[in-house]
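Shown next, in structure tokens, is the structure this report addresses.
Bear in mind that the values in this text are calculations on the coordinates, not laboratory data. Computed from a predicted model, the values in this text were never measured in an experiment. Note that each Cβ is placed from the backbone with ideal geometry, even for glycine, and that neighbours are counted across all protein chains shown.
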Amino acid sequence: MADTQESNGPGRFVQHDVASEESWKTLLADVLAREGRLDIMVNNAGVAGGRATSRRLRSRTGRRSMPSTPTASSSLQVCHRGHEADRPGQTRSKGSIVNVSSVAALIGSAGPTAYTASKGAVRLLSKSVALYCAEKKYGIRCNSVHPGGVDTAIFNPLWQMVGREQGKAMIGAAHPVGHMGEPNDLGEVVLWLASDRSSFVTGAEIVADGGLTTGLMRRTAFAAP
């Protein structure tokens, strides 16, 4: 655990295993003890999709891709905290959960089967959490974000194979806008969903993919590694 200081205020960095339920309990207990409440949670857990096809789901790559649903299980953890916030004598406050899924949750793929399945789970669990929290009047919204190709470290294996510029050009060409997304492109979408400006939005899937899923996705888009 370490303290950080940004231009807009203090922050803390905590090393955390998103695949561990006990780690989630420890982290959330610490946040509640220090801050008194939890307002926003952005789940951006995931591993590279690779080529873990349906025939290889028992492989190491397949097993690593499928538990990418810690993103989803963490939503359940936060929903559980809604029970605590709803107890008599405790202050109820608004909250927002934003789960970063993928366009892979919206369309089928013959390649990264495990990755696609895990992101699909994140998509539908987000909707279920949204409905549950609304039904219980917790004041917690839950939405999912579905990016296309975004220039992050998840593509490093591809950059090592074909080179960064060639890889970005190849993936960018599959997007109608003609280029890959940048982290800030998704950051702005997440910020909107986390803020009160989206107070009437819950259970939604926000697609930020440069037009990738508006038509036929070219096979070269996510063909490697």
Non-local amide H neighbours of I40 (under 5 Å, H modeled in plane, Pro and chain starts lacking H): which ones? S96
Would you kindly state how much longer the chain becomes between Q15 and K94 on full extension, computed as 0.36 nm times their sequence separation minus their alpha carbon distance, in nm to one decimal? 25.8 nm
Residues meeting the amide H criterion for I140 (H placed from the backbone, H to H distance under 5 Å, 5 or more places apart or on another chain) are G95
Obtain the nm distance between the two label points defined at H179 and W192 by a simple spin-label model: each point lies 7 Å from its Cα along the Cα-to-C-beta direction. 1.9 nm
Which value in nm describes the separation of the simple spin-label points at A169 and E22, placed 7 Å from the Cα toward the beta carbon? 5.1 nm
Among K137, K119, K168, K94, which comes first, second and so on when ranked by fewest other beta-carbon atoms within 10 Å? K137, K94, K168, K119
Could you sort out which of K94/K127; K25/K136; K25/K168 sit more than 28 Å apart by Cα distance in this structure? K25/K168
Quick note on I107, I206, ordering by fewest other C-beta atoms within 10 Å, gives I107, I206
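Counting other beta carbons within 10 Å of each Cβ, put C142, C133 in order, fewest first.
Lowest count first: C133, C142.
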Contour minus end-to-end for V201 and E35, with contour as 0.36 nm per residue of separation and end-to-end as the Cα-Cα distance? 57.2 nm
